[in-house]
Ligand code: AHR
């Protein structure tokens, strides 16, 4: 009897094991995403990079990651490497706006779809990529301009002079942050951009250029400093401190890194327009939708907000970057 029960138990276990084996799904082929990152020029960039990588990996995509460290030629090479590896998709966070046609043609010929993230590219051929996911840089520029126009609305000052610190040339945020700002300040004929320097989105470069501008007397008569990102604003603030410049400027910055929000709270800057780096989930979901053969919108916008000296600072959420 004992033996019989034992036999039944063993048979039952075997049956269960058999069931388990049969119900195991065949392992799916892991899809490989080539993620080409622009650089490491700012804290913002580091967080944007991490957000995308982590979200893709969370969705079980295998991520091949290459960083071109702000070298546009290297970035074209990186994309060519992904094409040679025959990845299933390329996620491209481009440095520059133009010069993409021929390498993206190659990706298209190799049947590798491309998604553009953060900065955008300009091409006549819209079929070279599936979609663009990122902020509206023009809206960011307009918001910065709106702060300035509102700030001076009730003031009787006859002329308002702006010093603009631009990011790298041939990049979509630089072009559009300028366009949006100019369009908005254009509503008040008293406001003009009088001085422009380029800081390449890098703190040290902006500090050098801004220090030089101070030495050359280019800050005389300036009321507003409008900077295309926080790293460059921090560079300008360093220069102002080092050169012991006494004047109080109205300062408007973009990104909303923790360090800049701290400066806002201390009253050192007036307005910080957010550029939201947490685009990973949007990117990973869009990639997933593509492989599930679901429709994908042509442009996917990341939502941004504005923090200024008009805010209750206690409502500003922790930055995480
Ligand atoms: O492309 C987005 C910009 O690039 C961010 O504002 C800046 O910090 C980064 O370097």
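Laboratory data are not the source of any read-out in this text; all were calculated from the coordinates shown. Computed from a prediction, not measured in an experiment: that's the story for all the values here. Ideal geometry is used to build each Cβ from the backbone, glycine not excepted, and the neighbour counts take in all protein chains shown.
Considering only alpha-carbon pairs that sit under 8 angstrom and 6 or more positions apart, the relative contact order computed for the range 137-275 is 26 percent.
Taking other Cβ atoms within 10 Å as a rough exposure proxy, 52, 95 sort from fewest to most as 95, 52.
Have a look at the DSSP beta bridges in the chain and tell me what percent are antiparallel, nearest 5. Here the antiparallel bridges make up roughly 10 percent for the chain. Contact order, relative form, for the range 30-153: 23 percent (alpha carbon pairs under 8 Å, 6 or more residues apart, mean separation divided by residue count).
I want to verify the translational diffusion coefficient of the chain in µm²/s; compute it with Stokes-Einstein, Rh as the Kirkwood radius over Cα pairs, at 4 °C and 1.567 mPa s. Approximately 59 µm²/s, per Stokes-Einstein. Each principal axis of the Cα atoms in the range 125-187 has its own extent, and those three values, largest first, are 51, 19, 15 angstrom. Considering only 34, 221, 199, the Gaussian network model of the chain with Cα springs below 10 Å gives its largest mean-square fluctuation to 221. Footprinting exposure proxy ranking of 191, 254, 222, fewest other C-beta atoms within 10 angstrom first, gives 222, 191, 254.
With respect to the chain, whose longest principal axis is taken over its alpha-carbon atoms, helix 72-84 is tilted by about 10°. Using the alpha-carbon positions of the range 137-275, Rg (one decimal) and Dmax (whole number) come out as 13.5, 37 Å.
For the range 27-133, dividing the convex hull volume of the Cα atoms by the residue count gives 91 Å³ per residue.
Shown is the FRET efficiency for residue 298 and residue 246, computed with R0 = 35 Å from the Cβ-Cβ distance and rounded to the nearest 0.05: 0.10.
Comparing mean-square fluctuations of 30, 106, 208 from a GNM of the chain with C-alpha springs under 10 Å, the top value falls on 30. With springs only between Cα atoms under 10 Å, which of 295, 144, 55 fluctuates most in a Gaussian network model of the chain? Result for the chain, Cα springs under 10 Å: 295 fluctuates most.
Between residue 169 and residue 109, the distance separating the two model label sites (each 7 Å from Cα on the Cα→Cβ line) works out to 3.2 nm. Label separation (residue 262 vs residue 46): 1.3 nm, computed from points 7 Å beyond Cα along the C-beta direction. With contacts taken as Cα pairs under 8 Å and at least 6 residues apart, the chain reaches a relative contact order of 17 percent. Specify the angular offset, from 0 to 90 degrees and rounded to the nearest 10, of the alpha carbon long axis of helix 280-291 from the longest principal axis of the alpha carbons in the chain. Tilt relative to the chain: about 50 degrees. Using just its DSSP H runs of length 4 or more, each adding -39500 (n - 2.57), the chain gives a mean residue ellipticity at 222 nm of -13500 deg cm²/dmol after division by all residues. Which angle between 0 and 90 degrees, to the nearest 10, do you get for helix 203-215 versus the longest principal axis of the chain when only C-alpha atoms count? Taking Cα atoms only, the helix is inclined about 0 degrees. By the beta-carbon count within 10 Å of each Cβ, the least crowded to most crowded order of 246, 97, 220, fewest first, is 246, 220, 97.
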